[in-house]
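Trainee: Mind having a look at this structure? Questions to follow.
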Amino acid sequence: MTTHFRPTRSGPTHFRLAAPPVSGVLRPRQLAVCLGLLGAVLLLFCWGLAVGDIPLPLGDVVAALTGTADPGTALVVREFRLPRALVGLLAGLAFGMSGAIFQTMTRNPLASPDLIGITQGAGTAVVAGLVLGFGTGLGTQTLGLLGALATALLVHALAWRRGTTGYRIVLVGVGVSWVCASVTDYLLARGGRFQAQAALGWLVGNLNGRDWAHVAPLAWASAVLIPAALLLARHLRILQLGDDVATGLGTPVQRVRLGLMFTGVGLVAFATAAAGPVAFVALAAPQIAQRLARTAWPPLVASALTGALVVLAADLAARRLLADVELPVGVVTGVLGAPFLLWLLARANRSGQGG
């Protein structure tokens, strides 16, 4: 096997393998950012497992995860705390990567699943099932998944005019988002007090009470959709050049955009079904990762790791912020994400992108 490296002035290094015939670009800063984020995610993951009614040292947590702890510690960590931590980790990865896909595909930093109707569609489906009673046998996970997928199909159909563009997807998505929010408000007003409380507990984004039944679908979906997103990443960067240039370079623009859209929708749909619509993670994580890596687009892996870091940190803060109350994780991300959205809007307006 022969390896050729060719450094460039700007820092990235081009490499080419003779066998197998693979070539690519190695970006040292982006790699360092990913490694740093991975270390922070693992630390917060273990820290979250150590926090609870029975505080545990980090050493005992690691021992429980590796199978060398005593039975009592292993039971607390593996059965009671690990499912919650895994849902937070996987949902954060999915939200961050999905947000990076949508923002890069549409060339708009405000185009996240939070703002173009995907998570609102999932919320409307769940609330409708709880209030109208038809979701008793399906559960919130299935309803949320179906709602997100149906909303994505609606947005794509309404944005289609001999093809779709990122601009039309954003405009149509914002309109569909408001429609879904209005329907959700109507259903909450119509439902009884118990039904409204159950729906609100899910709508805000919550990791409380998560078990292995929530982990399994999200883990399987992540195992399929995250590699698919990484395989489509090279087309994602070409789409940034515009549809005409991408077509001239031989990219099947509409097929690639459809594949990217449904990959991103699948990620956010399964994450929302498991954890609820955790606000602003898909919006903020790609922008934070882009600034850390100093790239022209939100890098997928760094965005996913940033999303996981945000969700795990917000969940830890929600559990420790008030002594006797465990806040939903979406409350913390909403408080932190709203100022970030205002900053993005102000920045876009200053740069002439805000309309």
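The values are calculated or read from the model by the stated rules, or taken from the named source; none is laboratory data. Computed from a predicted structure; not experimentally measured. For neighbour counting, all protein chains shown are included, and Cβ atoms are generated from backbone atoms with ideal geometry for every residue, glycine included. To get the accessible areas, we keep the full protein, side chains included, count just its heavy atoms, and leave off ligands, DNA and RNA. Shrake-Rupley method; radii C 1.70, N 1.55, O 1.52, S 1.80 Å.
Trainee: For region 170-268, what does the relative contact order come out to in percent, with C-alpha contacts under 8 Å and a separation of six or more?
Mentor: Working: 28 pairs, mean separation 23.2, N = 99.
Relative contact order here is 23 percent.
Trainee: How would you rank 141-152, 66-77, highest first, on the average number of other Cβ atoms within 10 Å across their residues?
Mentor: On the way: 141-152: 22.7, 66-77: 13.8.
Going by the mean number of other Cβ atoms within 10 Å, highest first, we get 141-152, 66-77.
Trainee: Suppose all protein chains stay in the model; what accessible area per residue would a 1.4 Å probe give for region 165-293, in Å²? List each step's numbers first, then the result.
Mentor: Details: 5850 Å² over 129 residues.
Averaged over the residues of region 165-293, the accessible area is 45 Å².
Trainee: I need to check one value: relative contact order of region 89-206, counting alpha carbon pairs closer than 8 Å and at least 6 residues apart, in percent.
Mentor: On the way: 127 pairs, mean separation 36.5, N = 118.
Dividing the mean separation by the residue count of region 89-206 yields 31 percent.
Trainee: Starting with the highest mean, order 300-311, 109-120 by the number of other Cβ atoms within 10 Å, averaged over the residues of each peptide. List each step's numbers first, then the result.
Mentor: Numbers: 300-311: 28.7, 109-120: 26.6.
Highest to lowest by the protection proxy: 300-311, 109-120.
Trainee: Another question, if that's okay. Rounded to the nearest percent, how much of the accessible area of region 160-242 (1.4 Å probe, protein heavy atoms only) is carbon and sulfur?
Mentor: On the way: 3220 of 4830 Å².
Its accessible area is 67 percent carbon and sulfur atoms.
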